[in-house]
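Student: Let me give you the structure first, and then I'll get to my questions.
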Amino acid sequence: MADTGLVETLLQRVEKVDGGLDSQDVATSLGVDHQAIVGAVKSLQALGDVISAEQRSSKHWELTGEGCEIAEQGSHEARVVSSIPEEGMPQSQLMKLAFGKVGFSKAMSNKWIRLDKGHEGGPRIFKTVERLEDLVRDKLLLVQKGQASELEEKEKNELKKRKLLSEVTVKSYWITKGSCFSTTITKQETELTTEMIASGSWKEKKFKPYNFEAMGVALDCGHLHPLMKVRTQFRQIFLEMGFTEMPTNNFIESSFWNFDSLFQPQQHPARDQHDTFFLSDPAQAHEFPQDYLERVRKVHSEGGFGSQGYKYDWKIEEAQKNILRTHTTAVSARMLYKLAQQEKFTPVKYFSIDRVFRNETLDATHLAEFHQIEGVVADFGLTLGDLMGILHQFFNKLGLKKWVEVGNSGMFRPEMLLPMGLPEGVTVIAWGLSLERPTMIKYGINNIRELVGHKVNLQMVYDSPVCRLDS
Amino acid sequence: MPTVSVKRDLLFHALGRTYTDEEFDELCFEFGLELDEITSEKDIISREQGDTKAEGASDVILYKIDVPANRYDLLCLEGLVRGLQVFKMEAPRYRRVSPASSEPQRLVITKETTAVRPHAVAAVLRNITFTQERYDSFIELQEKLHQNVCRKRTLVAIGTHDLDTISGPFTYTAKPPGDIRFKPLNQAKEYTAQELMSLYKTDSHLRHYLHIIEDEAVYPVIYDSNGIVLSMPPIINGDHSKISLNTKNVFIECTATDLTKAKIVLDMMVTMFCEYFCFLLWENILEPTGQYVHSDYPHSICNPQPFFGISESTEHIAQLLTKMCLRSEVMSDGEQIEVEIPPTRSDVIHACDIMEDAAMAYGFNNIPRTTPRTYTIANQLPLNKLSELLRQDLAAAGFTEALTFALCSQEDIADKLLKNISETRACRISNPKTAEFQVARTTLLSGLLKTVAANRKMPLPLRLFEISDVVLKDESKDVGARNNRRLCAVYYNKSPGFEVIHGLMDRVMQLLEIKPGQGNGYHIQAADDSTFFPGRCAEIFACGKSIGRLGVLHPDVINRFELTMPCSALDIDIEHFL
């Protein structure tokens, strides 16, 4: 805080004038350093709208050191003339004077003196004028008195060239009364306190304004993972559409349920070591519904149910191999088989969202594990039109117009459904997509490693917005 | 899905028009294909080996198209064009013909082959004219088939020969490797089969196929009537009968362990190229059990009506199918359709495959959308419902949710947690490509600690949790393993913060409506666990059962996860609370 006395004096001065004051003028008239006035202005500004101060800059002319000397004692040439006696002076003596050299040449060009080179005893100088007008000194004196404006630009520049004048820029404030002007200063409160509320003193107080430009304090809170937030929304959509959640908490699956039951042949490339994670421990599954297994073997190797089958030697050993499931459709197969074992068929709508595993080459959009979203509807007489219709409704809820590229869909083959024991005429429509892909689109993430796994930057999790899929 | 790479301009030329990339993408979609990538040889080389290597490579534009795994007829330019052009062209009808001037060729299969590679089928393409492009496509189709339907030559291997350099009848037999001797393709001298196997050990291409017969007592081999070796399937052909641009008649043999696949492959090789050639000769082939003559077209009869969900006349559906190269006729009952399946369409094995083509021809987007009337009541899986509710409240308690991998290294769940792998009940993966996928996790703790390690720059304290599944061996399950839903949380700061993690556990119990106390309540009791600092670990009991642990981690665990500060952790099984 600046000197309170000075602040108050300043306020009194501002009160007395109608228009405003220049801080430089105040400094001059109070005989204090300009910086002290600037300090007072700043501290008054911090108090709110007591005064308003507008920064301005002005240029003015000032004498240099040499200029001051001339203003006091006269120009060099005038001093040369006045130092020469009637009988003249040897040139060598004149040159010994401080102002001699400069004064001599100027006085010569003004024709105030003359040089007698042939004088006995060396060159000698004589005055040629008795009285002279020292214009340089007069001009400098005008500037010194603050009347520089009376000189012509050309004259000032001439003196500047002679290093007698210099132009300086002065910064100052133009101070006027503010909307809350007062000549007495009250200290502003920073915050409302319990005491103020209790005593009612807040009514009398002035409060320091807040800086609304600044950010608030970062809160110390917990966060949900963005992929899981999207999962929650997908669950919500399925539940809204009347779909029941399937138990997908079995990452390890037999090849039988993952492939064979879906009528995927045992030589299919997806069953290759390069695409699927096989288990060495526990390496094999050991319990299957025997009659169903037999029907699966038959439809693969011999056909049936209207199919020619694949006509190959179906091996139980292949079906027994345990794997990390490559899709959640393995669970759908288990659920549909279970449904087929009911006394009477009832239509179902099922969904799941859970992890699946692929032994793939990893890149920016592929990891060895990801989440699959799956929807399944089983009923009598479902048609392709129904599949298109339900997909449309589902993806509408997602707010996705071009959904064809995001997922897969279709009707399960009769070679899959009939061996399970589902009644003829029951069709099953199904679709699937990954959870990661729409999440990456939603949150604008290009590399899947920035979304899932232990290497993610927690800041991304902290900063992720809520998930509203339809907006 | 296999990817087929074709030169764009050649493709457009064959299709008789050009497309923009978008139009072509759309066209692919209509036929169930996917335009995967637009690139050039130069691009591919520069991406894989750097710009300098790519200099001078061709910058002809290539389309990479994903085709369904069972559509072997789309694996080459010729097949793709036929697939994409069906609307415009008359369905080709393939015919097996006998040579006018000579006896049909024969391939005699001896019983010795049963021990190693029991099946073979063969055909002859006559009066053909190769251009460089057709020749390249012919070789490439062979390679594509080898990689896909032939399962890297294990199921089927294809050999193609210049028929005019050899003379039938041919013999497919099997002999001890030492007894087989010939000059293999592109070699200067003769080798025995044994020598060949060691010669090809270092061949970047062929070494992948050696294992198929390497350990067999006899190797398969095909001779002509003069004893010339045509091939030693599935490894290499003889040099003598190799085909060239000047070849006029091609002898194609497919040897196999799967006869169905062998027939499919032979059909593909023949039908894909017959369009260039005036006379296709597809001859009788002998196998030990009798004569294999390609059957006439299989016919399939189906009732299309229930499938579409729209009433479309049976006549119209028959027309659509015919356009898709599946010649169809409405049967006398007016409801059923009889469909002729060409040999190119080995993927058609059920009436539903025919109906899929009908839908494709109709245009999926032209099918009116309907809403199934299926009325059902939705249910959440109780375990997932509980997990969802707890997640919300753990975040409200100031903990941040992590999402870590279910697969990890053995070290992550054992050594780094100061545990012995044998006590983890971990399921082990037999074919991991890297150590990151050796086992399924048995705890969520290592994933959380790795997350902390990757985020050491973040302001302290770090409070993380995850509710997810671990996998444990379990003899009582059909697959011998089961998932187990866990809740795990860690607190990482300058001080261990046991009281924080303890407080979190109290909060979780409160959320689950379990009161402190013995019996039906919960309590903790000091426990020994190598993962935790001695004297700083407790076992958690709820309703009389042990449900998990909490404590301050052992400094060696901290170090092994490349952490520097104290850390406390909570790990419980939430399946007890269902």
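Student: Of all residues in the stretch A:254-272, how many are facing another protein chain (nearest Cβ under 8 Å) and under 16 Å from A:TYR292 (Cβ atoms)?
Tutor: Matching residues across the stretch A:254-272 total 1.
Student: Scan the stretch B:398-439 for residues that are more than 19 Å from B:LEU462 (Cβ to Cβ), touching a residue at least 40 places away in the same chain (Cβ under 8 Å) and small (Gly, Ala, Ser) and jot them down.
Tutor: B:ALA406, B:ALA426
Student: Same structure again: Quickly run through the stretch A:36-47 and pick out the residues that are assigned to a helix (DSSP H, G or I) and out of contact with any Asp or Glu (no Cβ under 9 Å at 6 or more places or on another chain).
Tutor: Listed by number, the residues that qualify are A:ILE37, A:VAL38, A:VAL41, A:LYS42, A:SER43, A:LEU44, A:GLN45, A:ALA46.
Student: Which residues, taken from the stretch B:384-401, are farther than 22 Å from B:ASN483 by Cβ, more than 39 Å from the chain's Cα centre (by Cα) and facing another protein chain (nearest Cβ under 7 Å)?
Tutor: B:ALA395, B:ALA396, B:ALA397, B:GLY398, B:PHE399, listed by residue number.
Student: Can you spot a residue in the stretch B:17-38 that is of a type in the set (Val, Ile, Thr), under 23 Å from B:GLN142 (Cα atoms) and either within 14 Å of chain A (Cβ to nearest Cβ) or outside any loop (DSSP other than H, G, I, E, B) (or both)?
Tutor: The answer is no, given that none of the residues of the stretch B:17-38 is of a type in the set (Val, Ile, Thr), under 23 Å from B:GLN142 (Cα atoms) and either within 14 Å of chain A (Cβ to nearest Cβ) or outside any loop (DSSP other than H, G, I, E, B) (or both).
Student: Check A:SER280 against each of (1) over 20 Å from B:LEU407 (Cβ atoms); (2) facing chain B (nearest Cβ under 9 Å); (3) out of contact with any helix residue (DSSP H, G or I) (no Cβ under 9 Å at 6 or more places or on another chain) and name the one condition it does not meet.
Tutor: Going through the list (1) over 20 Å from B:LEU407 (Cβ atoms); (2) facing chain B (nearest Cβ under 9 Å); (3) out of contact with any helix residue (DSSP H, G or I) (no Cβ under 9 Å at 6 or more places or on another chain), A:SER280 breaks only (1).
Student: Still on this structure: Look through the stretch B:350-373, keep the residues that are surrounded by 19 or more Cβ atoms within 10 Å (Cβ to Cβ) and assigned to a loop (DSSP other than H, G, I, E, B), and return whichever of them is modelled with the highest pLDDT.
Tutor: Here the residue is B:PRO372.
Student: Select the helices (runs of 4 or more DSSP H) contained entirely in the stretch A:48-106, then report the ones holding at least 3 residues which are of a type in the set (A, V, I, L, M, F, W, C) and at pLDDT 80 or above.
Tutor: Counting at least 3 such residues, we get A:65-73, A:76-83.
Student: Select from the stretch B:134-163 the residues that are hydroxyl-bearing (Ser, Thr, Tyr) and in a helix (DSSP H, G or I) and write down the one among them that is nearest to A:TRP314 (Cα to Cα).
Tutor: B:SER137
Table: residues versus (1) modelled with pLDDT of 95 or more; (2) crowded, with 19+ Cβ neighbours inside 10 Å; (3) within 19 Å of A:PHE238 (Cβ to Cβ).
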site: A:TYR312; (1), (2), (3): no, no, no
site: A:ILE316; (1), (2), (3): yes, no, no
site: A:LYS321; (1), (2), (3): yes, yes, no
site: A:THR326; (1), (2), (3): yes, yes, no
site: A:VAL331; (1), (2), (3): yes, yes, yes
site: A:ALA340; (1), (2), (3): yes, no, no
site: A:PRO347; (1), (2), (3): yes, no, yes
site: A:ASP354; (1), (2), (3): yes, yes, yes
site: A:ARG358; (1), (2), (3): no, yes, no
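Student: With the stretch A:129-206 as the region, which helices (runs of 4 or more DSSP H) entirely inside it contain at least 1 residues that are in contact (Cβ under 8 Å) with a residue 40 or more places away in the chain?
Tutor: A:135-144, A:153-161
Student: Additional query: Check B:THR443, B:THR404, B:THR451 and return the single one that is within 9 Å of another protein chain (Cβ to nearest Cβ), assigned to a loop (DSSP other than H, G, I, E, B) and at pLDDT 95 or above.
Tutor: Just one listed residue meets the conditions, B:THR404.
Student: If we only count strands (runs of 3 or more DSSP E) wholly inside the stretch A:315-405, which ones have 3 or more residues that are without any contact (Cβ under 8 Å) to a residue 60 or more places away in the chain and within 12 Å of chain B (Cβ to nearest Cβ)?
Tutor: A:369-380
Student: Identify the single condition in (1) farther than 23 Å from B:LEU448 by Cα; (2) in a helix (DSSP H, G or I); (3) within 14 Å of another protein chain (Cβ to nearest Cβ) that B:GLN510 does not satisfy, given that it satisfies every other one.
Tutor: For B:GLN510, the exception is condition (3).
Student: Please go through the stretch B:245-266 and give me each residue that is in contact with a Lys or Arg (Cβ under 6 Å, 6 or more places away or on another chain), away from chain A (no Cβ under 14 Å) and either under 30 Å from A:SER301 (Cβ atoms) or not in a loop (DSSP other than H, G, I, E, B) (or both), ordered by number.
Tutor: B:THR255, the sole residue that qualifies.
Student: Name the residue that is nearest to B:THR110 (Cα to Cα), counting only residues in the stretch B:242-299 that are polar (S, T, N, Q) and modelled with pLDDT under 60.
Tutor: B:THR289
Student: Turning to a different aspect of this structure: Quickly run through the stretch A:223-249 and pick out the residues that are at the interface with chain B (Cβ under 7 Å from one of its Cβ atoms), under 33 Å from the mean Cα position of the chain (by Cα) and either closer than 16 Å to A:LEU398 by Cα or assigned to a helix (DSSP H, G or I) (or both).
Tutor: If the condition is that a residue be at the interface with chain B (Cβ under 7 Å from one of its Cβ atoms), under 33 Å from the mean Cα position of the chain (by Cα) and either closer than 16 Å to A:LEU398 by Cα or assigned to a helix (DSSP H, G or I) (or both), then A:LEU227, A:MET228, A:THR232 are the ones that fit.
Student: Looking only at the stretch B:335-376, count how many residues are under 24 Å from A:VAL377 (Cα atoms) and either of a type outside the set (A, V, I, L, M) or more than 9 Å from chain A (Cβ to nearest Cβ) (or both).
Tutor: Qualifying residue count, the stretch B:335-376: 22.
Table: residues versus (1) on the phi > 0 side of the Ramachandran plot; (2) part of a strand (DSSP E or B); (3) without any contact (Cβ under 8 Å) to a residue 24 or more places away in the chain.
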site	(1), (2), (3)
B:HIS523	no, yes, yes
B:SER530	no, no, no
B:PRO534	no, yes, yes
B:GLU539	no, yes, yes
B:SER546	no, yes, yes
B:GLY551	yes, yes, no
B:VAL557	no, no, no
B:MET565	no, no, no
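Student: Looking at this structure, is A:VAL170 within 14 Å of chain B (Cβ to nearest Cβ) and loosely packed, with under 15 Cβ neighbours inside 10 Å?
Tutor: Criteria not met by A:VAL170.
Student: With the requirement that a residue be modelled with pLDDT of 90 or more and in a loop (DSSP other than H, G, I, E, B), what does the stretch A:406-424 give you?
Tutor: Passing the criteria: A:PHE412, A:ARG413, A:GLY421, A:LEU422, A:PRO423, A:GLU424.
Student: So in the stretch B:219-234, with the set limited to residues that are of a type in the set (A, V, I, L, M) and surrounded by 24 or more Cβ atoms within 10 Å (Cβ to Cβ), which one is nearest to B:ALA157 (Cα to Cα)?
Tutor: B:MET232
Student: Hey, does the stretch B:47-65 have a residue that's crowded, with 17+ Cβ neighbours inside 10 Å, part of a helix (DSSP H, G or I) and among the acidic types (Asp, Glu)?
Tutor: no
Student: Within the stretch B:407-430, track down each residue that is surrounded by fewer than 19 Cβ atoms within 10 Å (Cβ to Cβ), in contact with a helix residue (DSSP H, G or I) (Cβ under 9 Å, 6 or more places away or on another chain) and facing chain A (nearest Cβ under 7 Å).
Tutor: Answer for the stretch B:407-430, where residues must be surrounded by fewer than 19 Cβ atoms within 10 Å (Cβ to Cβ), in contact with a helix residue (DSSP H, G or I) (Cβ under 9 Å, 6 or more places away or on another chain) and facing chain A (nearest Cβ under 7 Å): just B:ARG428.
Student: Are any residues in the stretch B:151-190 surrounded by fewer than 18 Cβ atoms within 10 Å (Cβ to Cβ), within 24 Å of B:ALA262 (Cα to Cα) and of a type in the set (Gly, Ala, Ser), and if so, which ones?
Tutor: Hit for the stretch B:151-190 is B:SER167, nothing else.
Student: Still on this structure: In the stretch B:388-401, what residues are over 19 Å from A:VAL452 (Cα atoms), outside any loop (DSSP other than H, G, I, E, B) and touching a strand residue (DSSP E or B) at 6+ places or on another chain (Cβ under 8 Å)?
Tutor: Passing the criteria: B:LEU390, B:LEU394.
The values are calculated or read from the model by the stated rules, or taken from the named source; none is laboratory data. Predicted model only: the values in this text are computed from it and were never measured. All Cβ positions, glycine included, derive from the backbone under ideal geometry; neighbour counts span all protein chains shown.
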